[in-house]
Amino acid sequence: MTRSRLGPWGLALGLLWSAQAARAVTIDVVPSAATVPPGSSLTIDVVVSGLGNFASPSVGGFDLDLTFDDSLFAFTGIVFGPFLGDPTMGEASTMSSVAGGTLSADELSLLPAASLDALQPDSFILFSATFDAIAVGTGTFDVDVLTSTVSDELAAALPIDAVAPASVVTGTVIDIPTLSQWGLILLVLLLLAGGLARLRRATS
């Protein structure tokens, strides 16, 4: 039987890797609609899952970069979720900024670890961002894992295991005439027909 050359250090590293993998979280990008007409608004929920259910690990802070196609969508606002504390009560600190097609959303909880554990379920909305559709096309909303971070209630890193992006189609609005519009159209057509009839009689 062969032994591992890594010995006890290899076992310790393996256990550490397993513990970190078990604590990894998933980020889902959830749109309020899959198709929106130009000129209408859209909400994107950024959801974290894979946490303890009112137990450790919880989210103590995050710095997420949500990418989007700024030729199709214009950012209009952001609302942070309540699960890291109430910023108006001094329980959390929030900040956001937009540069090009990237929305940076940061939040840091100022609550004790035990309070965060008692406050958070295993999945919840970190923040909701609103956009206006400004052109026709298909755009993808995604979280950049290379520049985004999530930390637990003790400020230790929570690896992002996977991100589920969302694609949204902005389509054209087809204007179907109402009954009153059809009446107006028919009236115009009748007037045109009468005018053509009189013109023919006058020239014959």
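What the table below lists for this structure:
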item	result
Residue check for Ser56: touching a Pro at 6+ places or on another chain (Cβ under 7 Å), assigned by TED's automatic domain parsing to the domain that holds Ser167 and either modelled with pLDDT of 95 or more or part of a strand (DSSP E or B) (or both)	no
Test: residue in the stretch 141-149 that is in contact with a Gly (Cβ under 9 Å, 6 or more places away or on another chain), in the same structural domain as Val59 (by TED's automatic domain parsing) and farther than 18 Å from Pro82 by Cβ	yes
Verdict on Val98 being assigned to a strand (DSSP E or B) and without any contact (Cβ under 8 Å) to a residue 40 or more places away in the chain	yes
Subset tally (residues that are over 25 Å from Thr147 (Cα atoms) and either loosely packed, with under 14 Cβ neighbours inside 10 Å or modelled with pLDDT under 95 (or both)) for the stretch 86-123	8
Some residue of the stretch 138-147 being of a type in the set (Gly, Ala, Ser), modelled with pLDDT of 95 or more and surrounded by 16 or more Cβ atoms within 10 Å (Cβ to Cβ)	yes
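The values are calculated or read from the model by the stated rules, or taken from the named source; none is laboratory data. Since the model is a prediction, treat every value here as computed from it, not as a measurement. Don't worry about glycine lacking a Cβ; one is built from the backbone with ideal geometry, like all the others, and counts go over all protein chains shown.
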